[in-house]
1. Taking amide H positions as placed 1.01 Å from N in the peptide plane, with prolines and chain starts having none, which residues 5 or more places from residue A:99, or on another chain, fall under 5 Å of its amide H?
2. Restricted to Cα positions, what overall size does region A:244-359 have along the principal axes? Three whole-Å values, descending.
3. Which of A:290, A:451, A:219 sits farthest toward the positive end of the charge dipole of chain A, with +1 on the Cβ of Lys and Arg and -1 on the Cβ of Asp and Glu?
4. Determine the dipole magnitude for region A:96-172: charges of +1 sit on the beta-carbon of Lys and Arg, -1 on that of Asp and Glu, nothing else is charged, the reference point is the Cα centre, and the result goes in debye to the nearest 20.
5. For region B:94-108, what does the Karplus curve 6.51 cos²θ - 1.76 cosθ + 1.60, with θ = phi - 60°, yield as ³J(HN,Hα) per residue in whole Hz, taken in order and with x for Gly and Pro?
6. Tally the DSSP beta bridges in region A:93-243 and give the antiparallel ones as a percent, rounded to 5.
7. Within a 10 angstrom radius of the beta carbon, how do B:43, A:446 rank from fewest other beta carbons to most?
8. Can you sort B:146, B:451, A:292 from fewest to most other Cβ atoms within 10 Å of each residue's own Cβ?
There are 2 protein chains.
Amino acid sequence: MKKVLALLLSAVLVPLCAQKDETETIKSIYTHALTQQQGYAWLKKLTDIGGRLAGSAEANQAVQEFQKVCDSLGFTTFLQEVTVPHWVRGPKETAYYTLNGKRYEVAICALGGSVATPEKGLQAEVVEITSFEQLEAMTDELEGKIAFYNIPMNPAFINTFYAYGSAVKQRYVGALEASKKGAIGVVARSLSSSINPYPHTGSMTYADAERQIPACAISTRHAEQLSKELEKNPTLSFHFKMAPEYRDSVTSYNLVAEWKGSEKPDEVIVIGGHVDSWDLGTGAHDDGAGCIHSLEAVWLLQQLNLMPKRTVRVVFFMNEEFGLNGAKEYARLSKKDKVNHVIAIESDAGGFSPRGISMVAPEDLKERIRGLRHYLEPYGLHEFSENGSGADISQLKTDKLVMIGLRPDSHRYFEVHHSSQDVLARVNARELEMGSATLAALIYLLDKNDIVAP
Amino acid sequence: MKKVLALLLSAVLVPLCAQKDETETIKSIYTHALTQQQGYAWLKKLTDIGGRLAGSAEANQAVQEFQKVCDSLGFTTFLQEVTVPHWVRGPKETAYYTLNGKRYEVAICALGGSVATPEKGLQAEVVEITSFEQLEAMTDELEGKIAFYNIPMNPAFINTFYAYGSAVKQRYVGALEASKKGAIGVVARSLSSSINPYPHTGSMTYADAERQIPACAISTRHAEQLSKELEKNPTLSFHFKMAPEYRDSVTSYNLVAEWKGSEKPDEVIVIGGHVDSWDLGTGAHDDGAGCIHSLEAVWLLQQLNLMPKRTVRVVFFMNEEFGLNGAKEYARLSKKDKVNHVIAIESDAGGFSPRGISMVAPEDLKERIRGLRHYLEPYGLHEFSENGSGADISQLKTDKLVMIGLRPDSHRYFEVHHSSQDVLARVNARELEMGSATLAALIYLLDKNDIVAP
């Protein structure tokens, strides 16, 4: 009877004690992050390099400098060669419209991948397009004109990523579709969640277009202004000038920093963000924050002697913005080298106050991850959703892989996204650190509780 | 049997339909707030007036201008006279320390209620104090010296209000306690969650001090710098100069805007924030956001034809920062006029992304409020805590009253709180609107479901 009682007691007490220990451990991770703010210092170092468009010297400089950081921390580091396109914006773009002989300057920027305008600029009448249904119904209205897409992000979405998703078409295929209708240029409303004077760039495609027409983004403030003027003066003339160009492709790199697992070295937990960014700002949120979250998460575990049983890899992926080349190459090499990824984590939604995670994983493992919620709720993590993980790690997808994306509060993201405003001053140190600590806690809990497919 | 079935079905279907209706209604509230952004426009109007220190012309101007706004919306409005102290900062404060004949300027501001320094300033050696235990143990070390409190907010707290609470003593009673030990002046570290060059003011008390010594706040950046210098040069001399003064008390006002209830006009739901602010910024978060949240919440219900069965009162309380005079007078008049408050709601924690609410209420009602959680979780409201409500409405406390405080994300609050940085540019329109919509949804749900004490 005594023996049975002892067994019973241990069955109850051991998990209770373990739970208490884990609660304390999670707390120590957040305390260390918020007290040391090492991530914020690293993000300063990264953004001080400047914008890191794939193919630029800055992108490669970032890889090199952070390889040194990882080396100094005792990681095994290596670089993976990645060939990336090298598109260059050229001199600052200019644009204006003319009314009664007076020029009104507006703020634009070339979309990523756009061709240049003629050297003296492109001038034509403007046709405003407020939906793709309207565009489809057009016959010759765009012939010889500039297509002005003016489709705002829908502010009613609580998660602004859905608003972005519903409006991004004008940027991505706006030129392709307008060229089929005879347009000679495209001005697309910036994908910004507020009215502001900063144009927001981003990728576009010409796909199989017969004519490649120049495409720029106009700030939301000037889009509103232009739209108002067009109501009164439908034949007003718009002029824009930009000289971007593709140069020869460039050899660039993924940075991989590895820490061998003590008990299960052949099982790999990969965590990463993308080190490239757009060139208008310094990619502080997109995706400097994600790279630093990933590095700092593992650093926190290292500092607190909590390194996982499994091997951990921090990856700074190259060129998410302009073709996912780094992620594809990482996936190809992993397959070739038979790397057994069991968990993949990505942060690519900004350095804001974390709200939750999204998961792609076998059903039973998702259920077990939801079971960890009580550890993270005290830190503001409540949303455990099933809306994907991240673009870079999605290249690794298998039926067994546990894939997780960090989900910070999204209200402020599209105010700065892909614009000159995506700089360190827009990142709050505490919010950034909360993200790093959350990812560290996640790695710790998933590894300790063996939440991986058999 | 048919009748029984019909009854059974109606018992199941009616609540289900009601729930669906309510879900749609809540959604319409958030959509209207995020789409119209009326609150942000009002916050601009309010902050354009300037800082609104109690007793200032700006504080009274704000009351008058928003009375007009409320009148134009069809509310019955009235003002309640409140006598408030009138402390005036005077010319910009200056401070420096001297090392090897060189002056090092540091940023300070007078604490609210401080006396002036002598006209030429106050100069003395500095003694650094890093805890109240250290102060208590002192004998004559402070005699004729300036006490330099340097107690940082503890960054490990997830909710920064706790960090504030644990460090605020140096500001509030720093001068009182140091004067007992012979100090002739006080320099207190700003209550800021980051290292920055902006001093943060706030209230202080002399209580029954025999000597009233001048007290200022020093920016966290300069507090760190001064501390470092003191290690090397313990006898360095510090100089500060400020000329604040109390003038005659002033007649000011609470603004009350009322909408009579359609079914239960004698039961009152009061919602408010404080219209006064500190003078260094324009009180955008503290507590412009709370006033606008309150007004906009009721405006949203009005716009969507959802006005409660009960009477609703929006109150802009006067002088929370400097003595709670407005709240006390509102409570006194309510008692005198036998106003039957059943629900009181306050927003005074900034215009950031809402995270939850805190409640003070009878146990059974708290349980019913928690039962509403599923309506608000889709909008990011997860934390239903029991940590108080708000300073202004706390004056109305009874055993029966349902008291609720809005709890926005707190990570950024103490970066701007009581400093020159508390301005409109630090408020994100979407985050502000989420707060207003949340309060509107709360009023709607509490009223519709009769979550009030009998």
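1. Long-range HN contacts for residue A:99: A:104.
2. 51, 38, 25
3. Going by the charge dipole, the pick is A:451.
4. 360 debye
5. 10, 7, 7, 10, 10, 9, 6, x, 9, 8, 10, 6, 10, 8, 10
6. On the way: 16 of 29 bridges.
The antiparallel proportion sits near 55 percent.
7. With the sparsest Cβ surroundings first, the list reads A:446, B:43.
8. Ascending Cβ contact count within 10 Å gives the list B:451, B:146, A:292.
Read-outs throughout are calculated quantities, based only on the coordinates presented, and are distinct from any laboratory measurement. Quick caveat, the model's predicted, so the values are computed rather than measured. All Cβ positions, even for glycine, are placed from backbone atoms using ideal geometry, and neighbour counts span all protein chains on display.
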